[in-house]
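The values are calculated or read from the model by the stated rules, or taken from the named source; none is laboratory data. None of these values were measured; they are calculated from a predicted model. Cβ placement follows ideal geometry from the backbone for every residue including glycine, while neighbour counts extend to all protein chains displayed.
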Amino acid sequence: MSIAKNTICLWFDKDAEAAANFYASVFPDTTVDSVQRAPGDNPSGKKGEVLVVNFTVMGVPCMGLNGGPVFKQDEAFSFQILTEDQAETDLYWNAIVGNGGQESECGWCKDKWGVSWQITPRTLTEAMMAGGEEAARAFAAMMTMQKIDVAAIDAARRG
């Protein structure tokens with residue numbers, strides 16, 4: 001196993017392995033790469049318990065650290081997942097929200113561990129990159145949504 005030069009570290013209370021396995025079951029190009037157990041007792045656990053899980057989310061190297069309840073996830077960090085259509089948007093959104101997660105606004109949701117995800121259809125990203133009135137219309141439509149409605153964004157783009 002190669003060690004990535006830059007890795008995203010996500011702090012979990014105690015469920016890093018369960019989270020990594022869930023992500024691998026939902027997203028393509030996502031794997032659980034290694035599990036390391038604590039070589040000794042530590043403030044967040046006992047010797048032999050899972051301490052670190054190295055995993056990859058859609059090609060991005062990550063590390064889950066079972067650090068205990070001291071720090072919580074929040075919206076200051078999120079994974080943004082680009083989707084191609086409504087079916088892919090629904091697939092990821094429903095997997096996250098339907099497995100103990102919760103909906104938020106404008107394409108954001110949280111998984112049951114509190115990690116934030118932006119499930120973002122390509123059409124919305126393209127509209128924002130286009131700028132001007134097209135971006136303004138798409139943005140206004142998005143502001144009324146939880147899960148992004150691709151057809152509504154496409155209609156807003158057209159005016």
- [ ] Please determine, by comparing only the residues of the range 52-71 that are assigned to a loop (DSSP other than H, G, I, E, B) and without any contact (Cβ under 8 Å) to a residue 60 or more places away in the chain, which one is surrounded by the most Cβ atoms within 10 Å (Cβ to Cβ).
- [x] Gly67
Open item on the list: Considering only residues that are within 22 Å of the chain's Cα centre (by Cα) and either not assigned by TED's automatic domain parsing to the domain that holds Asp90 or not hydrophobic (A, V, I, L, M, F, W, C) (or both), which ones fall in the range 128-159?
Closed with: Thr144, Gln146, Lys147, Asp149
Task: Members of the range 1-45 that are charged (D, E, K, R) and in contact (Cβ under 8 Å) with a residue 40 or more places away in the chain - done: Asp13, Lys14, Asp15, Glu17
Open item on the list: Yes or no: the range 35-51 includes at least one residue that is touching a helix residue (DSSP H, G or I) at 6+ places or on another chain (Cβ under 7 Å) and over 25 Å from Glu84 (Cβ atoms).
Closed with: yes
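Rundown of residues vs (1) part of a helix (DSSP H, G or I); (2) surrounded by 15 or more Cβ atoms within 10 Å (Cβ to Cβ); (3) free of Cβ contacts under 8 Å to residues at least 60 places away in the same chain, yes/no style:
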| site | (1), (2), (3) |
| --- | --- |
| Ile96 | yes, yes, no |
| Gly100 | no, no, yes |
| Cys106 | no, yes, yes |
| Trp113 | no, yes, no |
| Gln118 | no, yes, yes |
| Leu124 | yes, yes, yes |
| Ala127 | yes, yes, yes |
| Ala135 | yes, yes, yes |
| Phe139 | yes, yes, yes |
Task: Options Lys5, Lys14; residue that is modelled with pLDDT of 95 or more, surrounded by fewer than 19 Cβ atoms within 10 Å (Cβ to Cβ) and part of a loop (DSSP other than H, G, I, E, B) - done: Lys14
